[in-house]
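Note sheet for the following structure.
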Amino acid sequence: MAASTSLTAKQRRLRAEIAAHEMWANCDDPAAHTAPARDAFLERFERKVDPDGVLSPEERARRAKHARTAYMKRLALASSKARAAKGAARRANRDATRSGAPTALVSDASVDGGGLA
């Protein structure tokens, strides 16, 4: 296949999707295949709550669980804000169109969903 620079973004995405489906079609144990990434993700929270490794394994696990939950809640909040902003932009565009006033449409890509501070 030609170099990546000669492909459009849509073609690169399609090529990546093909590769992913090929990989999963040939994977005997998906859970084992993704285990290293999952372990690294979970270890991240243990390192966050106990960077010096001084806590007992039970306490580290308890705190890491709360850190993970907080992380997921932040993601949910950012997602909720993004959906609300997108909906507000769509309603504003719809209302402006109905009133007959000229409007500059707001694309989905320009709506800021909020950060994950």
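Tell me whether segment 97-104 contains one or more residues that are surrounded by 12 or more Cβ atoms within 10 Å (Cβ to Cβ) and either at pLDDT 90 or above or within 30 Å of Val49 (Cβ to Cβ) (or both).
No, every residue in segment 97-104 fails to be surrounded by 12 or more Cβ atoms within 10 Å (Cβ to Cβ) and either at pLDDT 90 or above or within 30 Å of Val49 (Cβ to Cβ) (or both).
Which residue pairs have Cβ atoms closer than 7 Å, lie 6 or more positions apart in sequence or on different chains, and pair a first residue in segment 71-91 that is more than 26 Å from Val49 (Cβ to Cβ) with a second residue that is in a helix (DSSP H, G or I)?
Here the result reads Lys86/Asp108, each pair linking segment 71-91 to a residue that is in a helix (DSSP H, G or I).
Name the residues in segment 37-96 that are modelled with pLDDT of 95 or more, assigned to a helix (DSSP H, G or I) and polar (S, T, N, Q), would you?
Those that are modelled with pLDDT of 95 or more, assigned to a helix (DSSP H, G or I) and polar (S, T, N, Q): Thr69, Ser79, Ser80.
The values are calculated or read from the model by the stated rules, or taken from the named source; none is laboratory data. It should be emphasised that the depicted structure is a prediction, and the values quoted were computed from it without experimental measurement. Heads up, the Cβs are rebuilt from the backbone with ideal geometry, glycines too, and the neighbour counts pull from every protein chain shown.
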